[in-house]
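Structure, as structure tokens:
The values are calculated or read from the model by the stated rules, or taken from the named source; none is laboratory data. Small disclaimer: the values here were computed from a predicted structure and weren't measured. Note that each Cβ is placed from the backbone with ideal geometry, even for glycine, and that neighbours are counted across all protein chains shown.
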Amino acid sequence: MNQSQSTLATPGSIAAPPRADLYADAAAKSRAAKRKKRIVQGVLAVILFLGGLMMIFPFVWMVASSLKNAQDIYTLSLIPPDPTLSNYRTVLQETSYIRWFANSLLVAGITTASVAFFDSLAGYTLAKFRFPGATLIFILILSTLMVPTEMLVIPWYVMSIEMSWTNSYWGIMFPGVISAFGVFLMRQFFMGVPNDLIDAARLDGFSEFRIFWKIALPLVKPAVAALCIFTFLGNWNAYIWPLIVIRSEEMRTLPVGIAFFSSESGSAFHLIMAAAALATIPVIIIFLIFQRHIIKGIALAGLKG
Amino acid sequence: MQLTLERRRWLWAYTFIAIPLIFFLAIRIGPTLYAFWMSLHRWDPIALDRPYIGLDNYRTMVDDAVFWKAMRNTWVYVIVGVPAGLIISLLIALGLQRMIRYAGFFRVLYFLPYITSLVAVGWVWRWMYMPNGFFNEVLGWFGLSSGFLGSPGSAIYSIIATTVWHGLGFQVVIFLAGLESIPQDYLEAASLDGATGWQKFRGIILPLLNPTIVFLVVTGVISNLQVFTQIRNMSSAGTGGPLNSTISVVLYVYQQAFQSLPSKMGYASAMTVVLFAMILVITIIQLKVLQRDTE
């Protein structure tokens, strides 16, 4: 919007010299409009900046509290009077933080890879193959989107006990290794791949799997990336199912571990804030590095899904 | 035996779809039906006997005061949380869209909470809400104080504030995408006709933003109906207190199935069936609304 306005304004000011008297008034007006626009921009920037500060303040407070010792924890200053890293040391020593972090990384990583592969394959099949039962299968998969996870956790738990999956990585992962949302998303994107391209590859003697892997999949890379970001984030932060299926301290994922540690710490908020910082700061760093891709990916996944 | 080309392609399709299909049948559809089945039984995983009791679990629900409290609270989360999040995020998106410079920087600020773990930030907010925490210290300057999570009147709204804050970034980004799809010609034509900002907003932006709003309302309602993590981590002792003032249906389901002795998995399943029915109705309404839009 702003771009088109400024391009409209420039020809007027260039054309001004020959008929200066006629355009003087208009030029003054446009200058006033420009000044008004600059003021609006300034006010807007201040408001948005203050709002943004409020958004990130809890993180600032978290870090500040985590650097205070037990005596200073109730002081209101943002800068710790006597900064210390001992809270972090305590959390790292008293909990299996490293293990929890690794567990989360493993679970979210494998789940994401599995979702990316199987959801692409299923989405491609439903978009590009005509076969008996295709519509039925699609409706079947789509209908599972309406079932809330909470309805499934109890049957999953019974199932996990029956199969001795509790307290194992597979037990944490199995409900998420393929996602209906992702199948739907990938199908949408594969529909946009031209059929001519696939037929041409068939004439060249490519196998069906190779067409999917080498021709179609590279064309929907942005969608796969979006699905990966969405899936990884969801599994990294997942709470209710890991909470139910994990039994031992060392099998906990990061959110489950942090929750247990925090509720067992009573009012030792200097330690709880160090634990919260250890859980959030790595994610925030990754986010800041890849923010453009992450925001775009989540918007894409959210809108098309 | 020679297969026709068409048959051979079918075979490929079935091979590709086999594992996902088995997964959805075994891990999604089967367990869904199983939840219905469980809701008709008295189900304690330790007991050998799991008798069929018909609709007794549903009848128990009708007389269970805590269930009704949880249901009422769940709808408070929805009815307060969803509009609050939507209005704030729309205002931010409208502001961000007008920014020529630094829009990307601001977007990062607003988006940041969304990517962090609700467990971790739940505890950060809990700390700020403490009687001697940040908020009360600041209120103290003006001679004020609030119980926040500690008092039955304000606890649920304190949790809603955290939920809104956490989800804001996602809604802002979706609104920005919706705003970008509005043709600039319409707004410029309206400006030439002398329309005020408010008239443009009511007459052009809001109607054209309708699909985005419907999407965000539906996803917001569904996610608020399932609210659990923040209550489990922010309410006192994680039990939905004080005095059940923050307990949600899902937290109550969790307590009945996994924390009560003996475990009442049948009863908990019956409650999830009710939750499922509510989500189903909302999804159907959404489909109807969107269909009307495209006609």
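The residue of the stretch A:60-93 that is nearest to the chain's Cα centre (by Cα), among those that are outside any loop (DSSP other than H, G, I, E, B) and surrounded by fewer than 13 Cβ atoms within 10 Å (Cβ to Cβ), is A:Val60. The residue that is nearest to the chain's Cα centre (by Cα), counting only those in the stretch B:37-89 that are among the small types (Gly, Ala, Ser) and under 30 Å from B:Phe175 (Cα atoms), is B:Gly81. Tell me whether the stretch A:120-127 contains one or more residues that are surrounded by fewer than 24 Cβ atoms within 10 Å (Cβ to Cβ), more than 7 Å from chain B (Cβ to nearest Cβ) and under 30 Å from A:Ile211 (Cβ atoms). Yes, the stretch A:120-127 contains at least one residue that is surrounded by fewer than 24 Cβ atoms within 10 Å (Cβ to Cβ), more than 7 Å from chain B (Cβ to nearest Cβ) and under 30 Å from A:Ile211 (Cβ atoms). Checking each residue in the stretch A:128-144 for being at the interface with chain B (Cβ under 7 Å from one of its Cβ atoms) and either polar (S, T, N, Q) or part of a helix (DSSP H, G or I) (or both) picks out A:Ile137, A:Leu140, A:Ile141, A:Thr144.
Just checking, does the stretch B:1-13 include any residue being at pLDDT 95 or above, surrounded by 14 or more Cβ atoms within 10 Å (Cβ to Cβ) and not aliphatic (A, V, I, L, M)? The answer is no; no qualifying residue exists. Candidates A:Glu162, A:Glu264, A:Glu208: the one that is within 12 Å of chain B (Cβ to nearest Cβ), more than 28 Å from A:Gly302 (Cα to Cα), crowded, with 21+ Cβ neighbours inside 10 Å and at pLDDT below 95 is A:Glu208. Go through the residues of the stretch A:134-144 one by one and say whether even a single one is among the hydroxyl-bearing types (Ser, Thr, Tyr) and farther than 26 Å from B:Met38 by Cβ. Checking the stretch A:134-144: at least one residue is among the hydroxyl-bearing types (Ser, Thr, Tyr) and farther than 26 Å from B:Met38 by Cβ. Would you confirm whether or not the stretch A:105-119 contains a residue that is touching a Cys at 6+ places or on another chain (Cβ under 6 Å) and within 13 Å of chain B (Cβ to nearest Cβ)? Checked against the condition, which is being touching a Cys at 6+ places or on another chain (Cβ under 6 Å) and within 13 Å of chain B (Cβ to nearest Cβ), the stretch A:105-119 yields at least one hit. If only residues of the stretch B:26-52 that are part of a loop (DSSP other than H, G, I, E, B) and touching a strand residue (DSSP E or B) at 6+ places or on another chain (Cβ under 8 Å) are counted, the one that is farthest from the other protein chains (Cβ to nearest Cβ) is B:Pro51. In this structure, B:Thr15 qualifies as more than 15 Å from A:Met151 (Cα to Cα) and of a type in the set (S, T, N, Q).
Picking from residues in the stretch A:267-305 that are of a type in the set (S, T, N, Q) and free of Cβ contacts under 8 Å to residues at least 24 places away in the same chain, the one that is nearest to the other protein chains (Cβ to nearest Cβ) is A:Gln291.
The set of residues from the stretch B:82-114 being in a helix (DSSP H, G or I), without any contact (Cβ under 8 Å) to a residue 24 or more places away in the chain and either more than 7 Å from every other protein chain (Cβ to nearest Cβ) or buried (at least 23 other Cβ atoms within 10 Å of the Cβ) (or both) comprises B:Pro83, B:Ile87, B:Leu91, B:Ala103, B:Gly104, B:Phe105. Restricting attention to the stretch B:236-245, the residues that are in contact with a Pro (Cβ under 8 Å, 6 or more places away or on another chain) and among the hydroxyl-bearing types (Ser, Thr, Tyr) total 2. Considering the stretch A:27-59, and only residues there that are basic (Lys, Arg) and closer than 29 Å to B:Phe105 by Cβ, the residue that is surrounded by the most Cβ atoms within 10 Å (Cβ to Cβ) turns out to be A:Lys37.
When the helices (runs of 4 or more DSSP H) confined to the stretch A:201-305 are screened for residues that are touching a Lys or Arg at 6+ places or on another chain (Cβ under 6 Å), none reaches at least 3 such residues.
Only one of the numbered conditions (1) of a type outside the set (A, V, I, L, M, F, W, C); (2) within 26 Å of B:Val250 (Cβ to Cβ); (3) modelled with pLDDT under 90 is violated by B:Thr229, and that is (3).
Counted as qualifying within the stretch B:180-276 are the helices (runs of 4 or more DSSP H) with 2 or more residues that are exposed (fewer than 14 other Cβ atoms within 10 Å of the Cβ), namely B:184-192, B:197-200. Restricting the stretch A:225-261 to residues that are among the β-branched types (Val, Ile, Thr) and out of contact with any Ser or Thr (no Cβ under 6 Å at 6 or more places or on another chain) leaves a set whose member that is surrounded by the most Cβ atoms within 10 Å (Cβ to Cβ) is A:Ile258.
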